[in-house]
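K.L.:
Okay, here's the structure, questions in a sec.
The values are calculated or read from the model by the stated rules, or taken from the named source; none is laboratory data. Bear in mind the structure is a predicted one, so any value in this text is a computation, not a measurement. FYI the Cβ positions are ideal-geometry reconstructions off the backbone, even for glycines, and counts take in every protein chain you see.
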Amino acid sequence: MVINSSEEYDVVIIGAGPAGTSTAIAYKKFDPDLKIAIVDKALFPRDKSCGDAIGPGVIHALKRFNIEDILENQSPVISTSLSGTGDVEIKNYIPKVKNKEDSVVYVVPRKELDYKLLKKAIDIGVDDFTGNRFTGMIRNSNNWIIEISNDQDSRSLSSKLIVGADGANSRVRKFLGVKTNKDRDKAIAIRAYVDSPNFVEHFKERSVFFEINLSAEKGYAWAFPSNGTLVNIGIGVPLNLFKKEDMNLNSLLDIFIEKLRAKGIVLNNIRAHKSYVLPFSSSNTQLSYSYAALVGDAGSMINPMSGEGIFYGMEAGYILAKSTYNKLDSEELNGGLNLYEKEFKKRFRKHFLSCTLARRVLEIPFMTKRLLLIAKYNKATIDFIIELLFDEAYLTVKELIFLGIKFVMPLKVLKLGLKNTSSS
């Protein structure tokens, strides 16, 4: 059945992950009278490939709109453990980050997190079109005509603004004529879930574990404890290297699993393997278009160092709504969209550049080993690395100079002159 009449909206958002639902919630919070629709091909709850870790930035974004209750009954993670080239291992508590109240991390499966966020959006009046595939968009004199369909019927939605929040393989991005990132600005990863009765006991507390340049050349692996005995494990590598070396993700994950078991960590019921592509922010993707915008993975908002993207997508949705909610009926809408892109990039440009630089450094085994040795004996360095992973820190000229000095300093002097951190 084809439904010909167009349902009219102020904003239609394609994609119901955290970036899309946060965008919808932000618009409704700024103006409850706005008509907002959210479209996703999946029916929720649904699984989504991810490391599942959410840090202080995401917690802050949830608190902004008083929806942090979705984290109730979740067990906080309070430390990080890093292992890298040369068998260097470091453990450190998550530092207090600037302008954020919480210095903890939660590991919440995306099947649960995304569903709870979607329900929050629906509860405040966002129209739910999940279970419908976005099939096309055409601009008429005033609005977008957006085509969606499911197995039973198809319909048209009319909207003043369309927002692409539909992930790394964004169809909205394709319809806007935007090319995908080059392979050097992408990674590919695989995630699985395991049950581990002694993971927390092994690390003596709830700790997120990172492994750099060991199970995969120029890649990193992770093991993040969720509630109970559930642990999210995975490994990722640069896409260009993955293709060049003809790598196999399942084999890389198996290597990591064996390394964890060699540490004495029990891993049972390995399941739900799922691979995915991560479009890095190093591509500097355009975010604003004529009566259209991209947020989240669709806009390549992935931290090149950690692979994390939830925080940036949620912040992008907030900045977009703030910049345009009162301009949807005016000729200033495109000006508001340009303002969104400028504000987002001004806020995160230095952070993304710093993370890109850190990623390039960590792709070189010698540099990885040296950086981890510096971090092992200097709390400020390991704190900064963690802030790059979970917040929006960036390198200053002064910090680059000091870091350069530490790189050339003899290790004996480094051990004498730098303050010890908790390490193994």
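K.L.:
Looking at the range 182-200 only, could you name the residues that are farther than 22 Å from Ile255 by Cα and out of contact with any Phe, Trp or Tyr (no Cβ under 7 Å at 6 or more places or on another chain)?
P.N.:
Across the range 182-200, the qualifying residues are Lys182, Asp183, Arg184.
K.L.:
Sticking with this structure for a sec: I'm trying to understand the selection: among the residues of the range 268-307, which are in contact with a Leu (Cβ under 6 Å, 6 or more places away or on another chain) and outside the structural domain of Glu343 (by TED's automatic domain parsing)?
P.N.:
If the condition is that a residue be in contact with a Leu (Cβ under 6 Å, 6 or more places away or on another chain) and outside the structural domain of Glu343 (by TED's automatic domain parsing), then Ser275 is the only one that fits.
K.L.:
Just checking, does the range 96-114 include any residue being within 19 Å of Gly228 (Cα to Cα), surrounded by fewer than 18 Cβ atoms within 10 Å (Cβ to Cβ), of a type outside the set (A, V, I, L, M, F, W, C) and within 19 Å of the chain's Cα centre (by Cα)? Please lay out each step first, then the result.
P.N.:
Narrowing the range 96-114 to residues within 19 Å of Gly228 (Cα to Cα): 104-113.
Then keep just the ones that are surrounded by fewer than 18 Cβ atoms within 10 Å (Cβ to Cβ); that gives 111-112.
Okay, now just the ones that are also of a type outside the set (A, V, I, L, M, F, W, C), so 111-112.
If we keep only those that are within 19 Å of the chain's Cα centre (by Cα) as well, we get 111-112.
Within the range 96-114 (the criterion being within 19 Å of Gly228 (Cα to Cα), surrounded by fewer than 18 Cβ atoms within 10 Å (Cβ to Cβ), of a type outside the set (A, V, I, L, M, F, W, C) and within 19 Å of the chain's Cα centre (by Cα)), the answer is yes, since at least one residue qualifies.
K.L.:
Can you run down the residue pairs with Cβ atoms below 7 Å, 6 or more apart or on separate chains, where the first is in the range 105-117 and in a helix (DSSP H, G or I) and the partner is aromatic (Phe, Trp, Tyr) and surrounded by fewer than 22 Cβ atoms within 10 Å (Cβ to Cβ)?
P.N.:
Filtered contacts from the range 105-117: Asp114/Phe44; Tyr115/Phe44.
K.L.:
Only one residue in Glu331, Glu343 is assigned by TED's automatic domain parsing to the domain that holds Ala26, part of a helix (DSSP H, G or I) and either at pLDDT below 95 or surrounded by fewer than 18 Cβ atoms within 10 Å (Cβ to Cβ) (or both), so which one is that?
P.N.:
Residue meeting the stated conditions: Glu343.
K.L.:
What tally of residues in the range 360-389 results from selecting those that are out of contact with any helix residue (DSSP H, G or I) (no Cβ under 8 Å at 6 or more places or on another chain) and either under 26 Å from Tyr106 (Cβ atoms) or surrounded by 21 or more Cβ atoms within 10 Å (Cβ to Cβ) (or both)?
P.N.:
Residues flagged as out of contact with any helix residue (DSSP H, G or I) (no Cβ under 8 Å at 6 or more places or on another chain) and either under 26 Å from Tyr106 (Cβ atoms) or surrounded by 21 or more Cβ atoms within 10 Å (Cβ to Cβ) (or both) within the range 360-389 amount to 7.
K.L.:
Do we find a residue being over 29 Å from Gly317 (Cα atoms) and in contact with a His (Cβ under 6 Å, 6 or more places away or on another chain) anywhere in the range 265-283?
P.N.:
yes
K.L.:
Considering only residues that are out of contact with any helix residue (DSSP H, G or I) (no Cβ under 8 Å at 6 or more places or on another chain) and charged (D, E, K, R), which ones fall in the range 191-213?
P.N.:
Arg191, Asp195, Glu201, Lys204, Glu205
K.L.:
Also, quick follow-up: Looking at (1) surrounded by fewer than 19 Cβ atoms within 10 Å (Cβ to Cβ); (2) over 23 Å from the mean Cα position of the chain (by Cα), which is the only condition Asn240 fails?
P.N.:
(2)
K.L.:
Taking helices (runs of 4 or more DSSP H) that fall entirely within the range 166-265, which contain at least 2 residues that are in the same structural domain as Ile146 (by TED's automatic domain parsing)?
P.N.:
Because the criterion is at least 2 residues that are in the same structural domain as Ile146 (by TED's automatic domain parsing), the helices (runs of 4 or more DSSP H) in the range 166-265 that meet it are 171-175.
A quick yes/no check of all residues on (1) modelled with pLDDT under 95; (2) aromatic (Phe, Trp, Tyr); (3) assigned to a loop (DSSP other than H, G, I, E, B):
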position	(1), (2), (3)
Lys29	no, no, no
Pro32	no, no, yes
Val39	no, no, no
Asp47	no, no, yes
Ile59	yes, no, no
Asp69	no, no, no
Ser81	yes, no, no
